[in-house]
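The values are calculated or read from the model by the stated rules, or taken from the named source; none is laboratory data. Quantities reported herein were computed from a predicted structural model and do not represent experimental measurements. Cβ: placed from backbone, ideal geometry, glycine included. Neighbour counts: every protein chain shown.
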């Protein structure tokens, strides 16, 4: 399908993986692009069981990726936005496992995977940018696991708000769209709806944020950052494997 889109004029160019391609190669990228897809809030881009055929580069908007566990419970595992690549998780087994849903008005550029591979092999600058994108995705997944396993509830909510602020590039005084309901936020952060609402209300009472339904203004991002940093040392103090408190009269083998 012919696509009327010039990557050189795209507002997403600075964060898009194809933004590193030389201007002279822009027609090659345009020819490889199969389609542009626009989505409304709640539209599903990918469903579990769909065959893997395309990669999708996010131009604008945010998406949530939901995975079902063996008991049929849904877990929001990723929050992805401008510059991210959707659909790669389906490559391994040839079919998708996540349900990927638009949280806002959104647009993606669709590339067939075989065309993308040919493009990357012919354009070294794109290949290098592609590896960096994969590295970034791995790093963000690790940060999410760290958030769930090593921070308490307050610090998780604070980290979530700071992440949203960093996505728009300005923390102080920035009004952000939470995009997700309190229930969805809780699912992403491994918390209950009530806990998320309680911590947001606490932040507002302290004067750190201002809430207006699903909009939030970060009034004191430094306070949120301090809350997150204050929780990290306590959570990282762990015992060595199999270590137990010594009883009276016992002596550590390390001291002999």
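Of the strands (runs of 3 or more DSSP E) lying entirely inside the stretch 15-111, those carrying at least 3 residues that are in the same structural domain as residue 125 (by TED's automatic domain parsing), free of Cβ contacts under 8 Å to residues at least 40 places away in the same chain and under 25 Å from residue 184 (Cβ atoms) are 63-68. A residue that is surrounded by 14 or more Cβ atoms within 10 Å (Cβ to Cβ), in contact with a strand residue (DSSP E or B) (Cβ under 9 Å, 6 or more places away or on another chain) and within 26 Å of residue 181 (Cα to Cα) cannot be found anywhere in the stretch 112-127. Checking the stated criteria, residue 137 turns out to be more than 17 Å from residue 228 (Cβ to Cβ), part of a helix (DSSP H, G or I), within 17 Å of the chain's Cα centre (by Cα) and in contact (Cβ under 8 Å) with a residue 12 or more places away in the chain. Among residues of the stretch 182-195 being within 26 Å of residue 141 (Cβ to Cβ) and either touching a strand residue (DSSP E or B) at 6+ places or on another chain (Cβ under 8 Å) or free of Cβ contacts under 8 Å to residues at least 24 places away in the same chain (or both), the one that is surrounded by the most Cβ atoms within 10 Å (Cβ to Cβ) is 188. For the residues 120, 158, 137, the requirement of being in contact with a helix residue (DSSP H, G or I) (Cβ under 9 Å, 6 or more places away or on another chain) and either modelled with pLDDT of 90 or more or farther than 22 Å from residue 85 by Cα (or both) singles out 158. Residue 69 meets all of the listed conditions (1) modelled with pLDDT under 90; (2) in contact with a helix residue (DSSP H, G or I) (Cβ under 7 Å, 6 or more places away or on another chain) but one, namely (2).
If you go through the stretch 141-155 one residue at a time, do you hit one that is in contact with a strand residue (DSSP E or B) (Cβ under 8 Å, 6 or more places away or on another chain), surrounded by 16 or more Cβ atoms within 10 Å (Cβ to Cβ) and assigned to a helix (DSSP H, G or I)? The answer is yes; a qualifying residue exists. Figure legend. Inter-residue proximity from the stretch 196-215: first residues assigned by TED's automatic domain parsing to the domain that holds residue 164, second residues part of a strand (DSSP E or B) and exposed (fewer than 13 other Cβ atoms within 10 Å of the Cβ), beta-carbon distance below 8 Å, spacing 6+ or different chains. Indicated pairs: 215/175.
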